[in-house]
Structures are given as structure tokens and as C-alpha cells.
Amino acid sequence: MAEQHRWSETAAMIALWYATSIVATNTSKSLEMDAAVLTLSQLLIASGCSFLLLRILKLKPYRPMNSREELQTTSLLAFAFMLGFVTLNAALRHMHVSLVMTLRATEPLFTLALSTVVFGNDNGLRRLISLIPVVCGASMSALGSADATVAGAVACAASNACFAARGVLTKLIRARHAADNYSLFLHINAIGALMAGGDVVASGA
């Protein structure tokens, strides 16, 4: 019974993730804002919602960062997270949503390559080879379109690399510091918003 409930909860979370992703990407495309400004807005909204849930409503226990090392690693994670959204929003400005999402499907290749380097996974090369046909198919499908642009493809590849780094750094932080997902999400959005804000001010966007 507990196993069935866990699978049902996971399925519901996946469905919610896909639904919100569709809304977020299409809304990002339609807004036609500067990529850095849009990212700053997204991170500020996410920070506000997380703060409300954790610190005001207290729906989940909040765990502060407990060491300088954790702050440094979380800041690096926040930078990768922020830069991933900046480059994703830039890609959405250059290409249609469907093309960007097709190229985003190649992210597992970036994640596997990076995790193999960082964690030394013995099966990494075998898994990497098994992903190549899928990645090549997705890439050729997207880049073969007349709507594809070099700038959009480069931005999407950079986004994939950043989100791959996010996944690896998240795993490191959870292993070393026992950080929970909710508090970590608040931290990376708040720190990322500060970074994005500094970029917006510096660039005069």
C-alpha cells in the first residue's frame, strides 16, 4: 500500500513538473524580455514563494547553511542554476520553444559526462555510448529545422552544461551537508537572484 502511494505521488509530481514546465517555457517565450532580466524576475519570484512556504507558513522545516564550505558550494550551485536559466531564456529568444526543448533533451549526455568525471562512475562510458543515438537524433531533428539558429543552439548547449553542473553539485551538497530539497531551493534562488541582479546592473539591461 505504501509502495503504491509512493508511486502515485511520484507520478503526480512528474505530471505537475511537465505541466508547469510547459507554462513556464511558453510564457518565457511570449514575454520577449532580456534573458538576464527575465531570469532575475524568475529567481525573485521563486525566492519569495520559497520564503513564504518555509519561513512564514512553515509548511516544511527550514535548514540554514552551517559552514563556509557549504555556503561556497551552494553559491557555485546557484551560479550554475542562474546561468542555466539565462542561457535557456536566451535560447528561447532565438528559436521556437519546441526546438529548444528538443535540444534540451540532450542534457542527460552532459550530466552523465560530468558525473563520470566528478564521481568516477565505472559504467559511465557504457551509458554515455548508449545515449549517443538518442542525443544525435534529437540534435539532428532540431538543427535540421529552418528555424534553428547558431546562437540558439549554442545557448541551449550552454544551458544543458549549466544544468548538468547543477545536478552534480546538488548531489555533492546533499551528500556532504545533508541539505534538504526545500531549504536548498530557497538558498540557490536567493543567491542566484543576487548574482542575476548584479549582472543586470553591471550590464545596464
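The values are calculated or read from the model by the stated rules, or taken from the named source; none is laboratory data. Since the model is a prediction, treat every value here as computed from it, not as a measurement. Methodologically, a virtual Cβ is constructed for each residue, glycine included, from the backbone with ideal geometry; neighbour enumeration extends over all protein chains shown. Remember, those area values only see protein heavy atoms, side chains included, never the ligands or the DNA or RNA. Shrake-Rupley method; radii C 1.70, N 1.55, O 1.52, S 1.80 Å.
Residues considered: Gly48, Gly120, Gly152. Largest GNM mean-square fluctuation over the chain, using C-alpha springs under 10 Å, is found at Gly120.
Of the residues Ile173, Ile56, Ile132, the one that moves most in a GNM of the chain with alpha-carbon contacts below 10 Å is Ile56.
Only DSSP H runs of four or more residues enter the estimate; each adds -39500 (n - 2.57), and after division by the residues of the chain the mean residue ellipticity at 222 nm equals -28000 deg cm²/dmol.
For the chain, the solvent-accessible area works out to 58 Å² per residue, with a probe of 1.4 Å and every protein chain left in place.
Principal axis extents of the C-alpha atoms in the chain (largest first, rounded to whole Å): 49, 46, 36.
Would you mind telling me the share, in percent, of accessible area of the chain contributed by carbon and sulfur at probe 1.4 angstrom?
On the way: 8080 of 11950 Å².
Summing carbon and sulfur atoms, their accessible area is 68 percent of the total for the chain.
Region 1-74: which GluC sites (Glu not before Pro) are DSSP loop and have at most 15 other beta-carbon atoms within 10 angstrom?
Loop-located and lightly packed - Glu32.
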